[in-house]
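What follows draws every value from the coordinates through simple rules; no lab data is involved. This structure is a prediction, so every number in the text was calculated from the model and none was measured. With ideal geometry, Cβ positions are generated from the backbone for all residues, glycine too; neighbour counts draw on all protein chains shown.
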Amino acid sequence: MTSHGLRAAALLVGISALAAQAFAQEPTTPPDPPKFPAQSQPVFVGISDIMEYRALPQYQEPDWVTEKFVKAGKLPPLSERLPKEPLVFKSGNMPDGVGVYGDVMRHVIGGRPEGWNYIAGQSQGWGGIDIGMMECLTRLGPLFEVKADELKPMPNLAKSWEWSKDGHQLIMHLVEGAKWSDGVPFTSEDVMFYWDDAVVDPNVSPLNGATPDTFGGKDTKLEALDKYTIRWTFKDAFPEQFLYQMAYGTFCPGPAHMLKPKHPKYNKDMTYDQFKNAFPPEYMNWPVMGAWVPVEYRPDDIIVLRRNPYYWKVDDKGNQLPYLNEVHYKLSTWADRDVQAVAGTGDFSNLEQPENYVESLKKAADPNAPARLAFGARTIGYTLYPNLSANGWGSPDKRAEAIRQLNRNLDFRKAITYALDRQRLGEALVKGPFTAIYPGGLYAGSAYYDKASTVYYPYSVETAKAELEKAGLKDTDGNGIVNFPADTPGVGGQDVQIVLLINGDYQTDKSLAEGIIAMMERIGLRVVLDVQNSNTDQALLQGGKFDWAVWRNSEELATALKFTERLAPIGPQSTWTRRAGTDGTLDLLPFEEDMVKTVNAFTASRDSNERKELMKKYQKLYTENLWGIGLTQYPGALIVNKRFANIPLGTPIFLFNWAEDSIIRERVYVPKDKQKDYELFAETLPGKPGDKGPMK
Ligand code: GLA
């Protein structure tokens, strides 16, 4: 090269460095999401319009239950099986009124059951199977149709409660005389077993992650005062927020009469592992408080549940619920759930994988389509979580430890977020107005969202590269991938390689991961995938075994009210992506300390303006510091076969819970003239726990 050429090159380099600086993107606020109005609106009501607890003059059940079971002496009469005051659903709030018995809801799920011991961490395969089997102290799903000024958790197994004068104690009254599906009374013993021997016992991790942190930490106490009364004691006064966590999935007791004899505290011959696995999926007629009991399981084929003859809810004419005699869960894939629901070979889907939207919309638009499809608000969102722990959580090796040190560096997290072209990430899932740019934190549609408090680092490869350099990363060997600085313990000079943990059960998770890999490659970060099924993915995530993880968020970012403890690491195990190491301590970054204070203040406050301000502060802390790196947020559509009645208008697939809870399935029915012949075990009821199949 001539000296002239050299000078020109030097000049060019100088200019491009300058230009890069000049064009360095400053953080801003996120663009408004494209308009996407929900396709139908709920009819807003108060909780007392939906339900009450009351004894009715008489009760009815399907004729065949009375004829074949009660009259044959196999089952006590209905009045003896119901509680003193059953939960009564008011027909005025039922979209189509009082129902009739019969038919089946045929679900399709992508998960697989590990066993029935939910309270020790076993998944039943998701897709609403556990939601339908379990009942919890309070209930949230139907709150999507409750007026904003009357918003509070609905009573359920706890039929009422009152606070002490000073607000530190909460007394709850359980439904009196309710029974498990095998006829054993449900009492405070079930509640206390769940609390003492699952939530508080550090050797037990209930599915959905309940720990003492969920309810205020180690200062919180729960006691039974008698068979139907329990008393909470809290550190803060009036922490009404915890009533939200007493719903699905963090306060749904299991049957103590089944589980206690297998728990190591009561049975010295059992290990915790044996306790967890004591009731495999082959175990039939598992006792539940929910509307349906599992009676048949064929691996990779189907789980069938029959009506619970002891179900403790009725309509206001005294008809025992549920109306549907049977529910099916075909064991397939989540994508197949959409296909089958639209085709009419399945009955229900939460359309949540945008890759299927166009095809499903096209099919559902046909007036003769068997299913109804309605989009709701943008409540589905995905986030990339960098593992911020430097406390040995998940036992990282040298490479993983070095990645975590990078993750803890804000410049590095900025590099990641600037490198993400969120517009393209969203469009790769589906074109059109569905997906919106999501910087992280509370969703744009959440009641607590504040755009001005939301920090968004717009897409800019140049700025991302500059941030990487600030983080000390350079491509020292010229292979296109940046290298760890020479003095990094154990991996000095090596290529930076990041392992991204994802749930392989969903195409959407895989599509997003592919996009991330390509976008990181552009700034010299090599990302490789760790694809797992949903059960393993969750175990690895909660065990801290990841560098980065892409995760479909739970309710806290849509509502701020449900799973509030997951908003920040307020305790050693309150979140799923940031937990204490083996020494039990969290090594919080300064901004995380602020997030924790903010969330705790939110939980302790009853002043709605103060709570709004606190959530603004939270949003700023989260998005400015990139606690999680938001990817995309979009709406989902509820697909339900047209033969079903009592599906509430405007039910979102996800808000305070999944639609399987929100539509109140125990009230759903099929009018006589539309009923089909889908029952596999017609005119049978669940058998004794452990029996092979239903009772004829
Ligand atoms: C899975 C599905 C959701 C919903 C839930 C219910 O996560 O993807 O649509 O059905 O199960 O738990």
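Listed highest first by mean packing, meaning other Cβ atoms within 10 Å per residue, what order do 546-555, 386-395 come in? List each step's numbers first, then the result.
Details: 546-555: 22.3, 386-395: 19.8.
Top of the packing list down: 546-555, 386-395.
Rounded, prolate or oblate: which fits the stretch 551-696 when a ≥ b ≥ c are the square roots of the eigenvalues of the alpha-carbon gyration tensor, with rounded for a/c under 1.5 and prolate only if a/b beats b/c? The shape class here is prolate.
Extension gain for K147 to K235 (0.36 nm times residue separation, less C-alpha to C-alpha distance): 28.7 nm. Set Lys and Arg Cβ to +1 and Asp and Glu Cβ to -1, take the dipole of the chain about its Cα centre, and tell me which of L500, A365, Y459 lies farthest positive. Working it through, the farthest residue towards the positive pole turns out to be A365. Residues in the stretch 172-189 carry Karplus couplings, in order, of 10, 9, 7, 4, 8, x, 6, 10, 5, 5, 9, x, 7, x, 8, 9, 4, 5 Hz; the curve used is 6.51 cos²θ - 1.76 cosθ + 1.60 with θ = phi - 60°, and Gly or Pro positions show x.
If each residue's Cβ is checked for other Cβ atoms within 10 Å, how do T250, T585 rank with the fewest at the top?
Numbers: T250 23, T585 10.
Fewest to most other Cβ atoms nearby, the residues stand as T585, T250.
May I ask what percent, to the nearest 5, of DSSP beta bridges between residues of the chain are antiparallel? Bridges in the chain are about 75 percent antiparallel. The long axis of helix 507-521 is offset from the longest Cα principal axis of the chain by roughly 10 degrees. To the nearest ten degrees, helix 608-625 and the longest principal axis of the Cα atoms of the chain are 40 degrees apart. The order of the peptides 662-669, 609-616 by mean Cβ neighbours within 10 Å, most packed first, is 662-669, 609-616. The trypsin sites (Lys or Arg not before Pro) of the stretch 184-254 that DSSP puts in a loop, and whose beta carbon has at most 15 other beta carbons within 10 Å, are K227, K235. Prolate is the label for the stretch 106-178, because a/c, from the alpha-carbon gyration tensor with a ≥ b ≥ c as root eigenvalues, is 1.5 or above and a/b exceeds b/c.
Only Cα pairs under 8 Å and at least 6 apart count here; give the relative contact order of the stretch 578-696 as a rounded whole percent.
Normalised by residue count, the contact order of the stretch 578-696 is 14 percent.
Once C-alpha pairs closer than 8 Å and six or more residues apart are averaged by separation and normalised to the residue number of the stretch 409-484, the relative contact order reads 41 percent. Relative contact order of the chain, taken over Cα pairs closer than 8 Å and 6 or more residues apart, is 21 percent.
At 0.36 nm per residue, minus the direct Cα-Cα distance, what do S160 and A518 gain on full extension? Give it in nm, one decimal, please.
Details: separation 358, 0.36 × 358 = 128.88 nm, distance 5.35 nm.
Net length gain for the segment: 123.5 nm.
Summing -39500 (n - 2.57) over the DSSP H runs of n ≥ 4 in the chain and dividing by its residue number, what mean residue ellipticity at 222 nm do you reach, to the nearest 500 deg cm²/dmol?
Working: 20 runs with 175 residues, N = 696.
It comes out at -7000 deg cm²/dmol, rounded to the nearest 500.
Label the stretch 307-358 by shape, choosing from rounded, prolate and oblate, from the square roots a ≥ b ≥ c of the eigenvalues of the Cα gyration tensor; if a/c is under 1.5 it is rounded, and otherwise prolate applies when a/b is larger than b/c, oblate when it is not. Here the stretch 307-358 falls in the prolate category.
Local charge sum around E240 (other residues, Cβ-Cβ under 9 Å, Lys/Arg +1, Asp/Glu -1)? Mind showing how you got there, number by number?
Values: positive: K152, R606; negative: none.
Net of charged neighbours comes to +2.
Taking each of K414/K545; K147/K674; K90/K674; K74/K262 in turn, the alpha-carbon distance tops 30 angstrom for K147/K674. Think of the chain as a dipole: +1 on every Lys or Arg Cβ, -1 on every Asp or Glu Cβ, centred on the Cα centre; then among Q538, T684, I109, T684 lies furthest on the positive end.
Got a sec? How would C252, C136 order by Cβ neighbour count within 10 Å, fewest to most?
Numbers: C252 27, C136 24.
In order of increasing Cβ crowding within 10 Å: C136, C252.
Between L529 and L500, the built amide H atoms are under 5 Å apart, and every one of these is 5 or more places off in sequence or on another chain.
Rounded to the nearest 10 degrees, the inclination of helix 334-343 to the longest alpha-carbon principal axis of the chain is 60 degrees. Toward the positive end of the charge dipole of the chain, with +1 on the Cβ of Lys and Arg and -1 on the Cβ of Asp and Glu, the farthest Cα among L137, A374, P202 is that of A374. Applying a threshold of 18 Å to the alpha-carbon distances of K71/K696; K510/K620; K179/K688 flags K510/K620 as lying beyond it.
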